[in-house]
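Rule-based calculations on the coordinates, nothing more; no lab input. Bear in mind that the values here come from a model prediction, so they are computed numbers and not experimental data. Backbone-built Cβ (ideal geometry, glycine too); neighbour counts: all protein chains shown.
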Amino acid sequence: MPEPETSSPTDPPSAEQIKKAMKAFKKRLKLSRLDDESSLGHGPMSSGRESGIVAIMPPNQYPKAVWDELVARGRLKYSGHGLYEIVEQKP
């Protein structure tokens with residue numbers, strides 16, 4: 001007997017999976033920016049600078065369908081070459 005399918009590749013991602021993926025994306029973006037800002041070459045007496053990172057590769061723990069769904073919902077924007085950026089939400 002064939003085993004029952006728990007999830008097929010054509011199933012849309014669950015709301016919980018989308019929520020977790022967005023949280024993971026924001027965390028990775030924040031860490032990437034912090035890492036860039038704290039890199040060598042910035043003297044302790046300098047005023048520092050903000051990171052120029054706006055797009056990152058999304059965490060690979062989630063399938064591409066999740067990222068495509070977030071783009072479709074307007075939460076992320078595909079920047080090309082596998083990079084995504086957060087779309088600023090207007091209040």
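Between amide H atoms placed 1.01 Å from N, distances below 5 Å from I53 occur with no residue 5 or more places distant or on a separate chain. Karplus-derived 3J(HN,Hα) values for region 28-33, using 6.51 cos²θ - 1.76 cosθ + 1.60 with θ = phi - 60°, are 5, 5, 4, 5, 5, 5 Hz; glycine and proline are entered as x.
Each label was represented as a point 7 Å from its Cα along the Cα-to-Cβ direction; for K27 and K77 these points are 2.6 nm apart.
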